[in-house]
1. Of all residues in segment 99-110, count the ones that are open to solvent by less than 90 Å² (accessible area, probe 1.4 Å) and of a type in the set (D, E, K, R).
2. Filter segment 111-139 down to the residues that are open to solvent by 60 Å² or more (accessible area, probe 1.4 Å) and in contact (Cβ under 8 Å) with a residue 12 or more places away in the chain, then identify the one that is farthest from residue 47 (Cα to Cα).
3. Of the residues that make up segment 67-82, is at least one in a loop (DSSP other than H, G, I, E, B), in contact with a His (Cβ under 9 Å, 6 or more places away or on another chain), open to solvent by less than 10 Å² (accessible area, probe 1.4 Å) and under 26 Å from residue 122 (Cα atoms)?
4. Do any helices (runs of 4 or more DSSP H) lying entirely in segment 1-63 carry at least 3 residues that are buried (at least 21 other Cβ atoms within 10 Å of the Cβ) and either more than 11 Å from the chain's Cα centre (by Cα) or at pLDDT 95 or above (or both), and which ones are they?
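The values are calculated or read from the model by the stated rules, or taken from the named source; none is laboratory data. Please read all numbers here as calculations on a predicted model, not as lab measurements. Note that each Cβ is placed from the backbone with ideal geometry, even for glycine, and that neighbours are counted across all protein chains shown. Areas reflect the complete protein model, heavy atoms only, side chains present, ligands, DNA and RNA absent. Shrake-Rupley method; radii C 1.70, N 1.55, O 1.52, S 1.80 Å.
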Amino acid sequence: LQHVKPHGALFNMAVRNRELSDAIARGVAAFDKGLILFGLPGSEILNAGRAAGLRVAAEVFADRAYEPDGSLASRKKPGSVIHDPATVVARAIRMVKDRNVVAIDGSQVPLEADTICVHGDTPGSDDLAAKIRAGLEAAGITVRAIGQQ
């Protein structure tokens, strides 16, 4: 076990809820302070993880739409999930290289990207992950496992 990532609604709730984020971070730290806590860039869970003495990683989603505040757009909104592999790869490169993403309203949201989520239950996710890696490497970005410095 190398990292902990709250899933789904809990992940999204922890973005802005410090009390919930503190509880998650305390639980992770009590289990193993060597674990890496994943969270959305700029989120309360990353702040809580740091405060609990954990290593944290800002996780971005190249296949998801973002709100102007940096949160993920609800899956109920049209266009919230991006299916075109070329668009996903271009977004991943931009997130890492330019440190921003274009939100659903067209604004640019600054962010840090330590890791990129590729949903394993998305059809073709293995191919998409390979395309993202190839795109990042072609853009001169070194890809390595999150546990490596």
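1. 0
2. Looking at residues that are open to solvent by 60 Å² or more (accessible area, probe 1.4 Å) and in contact (Cβ under 8 Å) with a residue 12 or more places away in the chain, I get 127.
3. no
4. 18-31, 44-51
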